[in-house]
Amino acid sequence: MDAQAQESFREFVAGRSSALLKTAVLLTGGDRHAAEDLLQNALVKAAGRWQRIDEPEAYVRQVLYRQQISRWRLKWRRREVTVAEPPESGHASDGSNAAELRLVLRAALSRLTARQRTVLVLRYFEDLPEADVARMLGCSVGTVRSTTHRSLARLRALAPELDGLGPDGGRELPSRDYSPVEVRS
């Protein structure tokens with residue numbers, strides 16, 4: 001890689017890594033360390049092909065999705081990481097309700113399978129059409145639709161307090177950072 005390409009890559013990483021990390025965190029179910037590893041591996045692959053890449057962000061996102069798919073297709077399962085529950089809080093109107101909803105959503109997303117989480121991230125956080133998600137995941141549009149339907153149903157079951165959020169419920173989801181799912185009927 002020549003000096004100009006190196007500088008271009010450094011600028012890309014400096015400018016887009018935080019947005020790419022948010023996507024990686026969502027894909028890994030909130031596991032920041034796994035997300036950092038996922039992003040680092042994607043950036044290493046991009047660096048090797050940097051001069052041949054036309055759309056760098058699209059390329060890195062595609063690598064992120066494919067690496068995550070490879071991770072959940074592996075035969076071994078990683079053990080669940082247990083964490084302490086967030087402390088009970090009073091009914092304050094200082095924005096803590098939005099923070100609580102983000103925590104609930106994050107916990108519910110982490111309990112979905114990697115495939116369900118990936119489909120929801122691609123459909124609602126990345127706002128991709130079903131056909132694009134199917135192409136990225138290497139499955140049919142019908143599979144994307146059924147996985148989306150089952151994923152949203154499971155998300156509602158895991159976190160019933162999220163039901164009614166979004167455009168139809170009158171309340172908005174607390175933050176785009178941790179809220180990739182619009183609850184639809």
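Quick one: in region 115-168, which of the residues that are of a type in the set (Lys, Arg) and open to solvent by 20 Å² or more (accessible area, probe 1.4 Å) is nearest to GLU100 (Cα to Cα)? Filtering region 115-168 for residues that are of a type in the set (Lys, Arg) and open to solvent by 20 Å² or more (accessible area, probe 1.4 Å), the one nearest to GLU100 (Cα to Cα) comes out as ARG156.
Looking only at residues in region 39-59 that are among the acidic types (Asp, Glu) and free of Cβ contacts under 8 Å to residues at least 40 places away in the same chain, the one that is surrounded by the fewest Cβ atoms within 10 Å (Cβ to Cβ) is ASP54.
Please work out if GLU36 is part of a helix (DSSP H, G or I) and either in contact with a strand residue (DSSP E or B) (Cβ under 9 Å, 6 or more places away or on another chain) or free of Cβ contacts under 8 Å to residues at least 12 places away in the same chain (or both).
On the way: part of a helix (DSSP H, G or I): yes; either in contact with a strand residue (DSSP E or B) (Cβ under 9 Å, 6 or more places away or on another chain) or free of Cβ contacts under 8 Å to residues at least 12 places away in the same chain (or both): no.
Here the answer is no, as GLU36 does not meet what is asked.
Scanning region 137-168 for residues that are at pLDDT 85 or above and of a type in the set (A, V, I, L, M, F, W, C) turns up LEU137, CYS139, VAL141, VAL144, LEU152, ALA153, LEU155, ALA157, LEU158, ALA159. Of all residues in region 122-133, those that are in contact (Cβ under 8 Å) with a residue 60 or more places away in the chain have Cβ atoms under 8 Å from Cβ atoms of residues that are open to solvent by less than 40 Å² (accessible area, probe 1.4 Å) and assigned to a helix (DSSP H, G or I), 6 or more apart or on another chain, in PHE125/THR23; PHE125/LEU26; GLU126/THR23; GLU126/ARG61.
Sub-8 Å Cβ pairs linking a first residue in region 1-16 that is modelled with pLDDT of 90 or more to a second residue that is part of a helix (DSSP H, G or I) and among the hydrophobic types (A, V, I, L, M, F, W, C), at least 6 apart or interchain, are SER8/TRP50; PHE9/ALA46; PHE9/ALA47; PHE9/TRP50; VAL13/LEU43; ARG16/VAL60, ordered by first then second residue.
Could you tell me whether any residue of region 15-24 is open to solvent by 50 Å² or more (accessible area, probe 1.4 Å) and of a type in the set (Val, Ile, Thr)? Scanning region 15-24, I find no residue that is open to solvent by 50 Å² or more (accessible area, probe 1.4 Å) and of a type in the set (Val, Ile, Thr), so the answer is no.
The values are calculated or read from the model by the stated rules, or taken from the named source; none is laboratory data. Predicted model only: the values in this text are computed from it and were never measured. Counting neighbours? That spans all protein chains shown, and the Cβs are built from the backbone with ideal geometry, glycine included. SASA here: full protein model, heavy atoms, side chains in, ligands and nucleic acids out. Shrake-Rupley method; radii C 1.70, N 1.55, O 1.52, S 1.80 Å.
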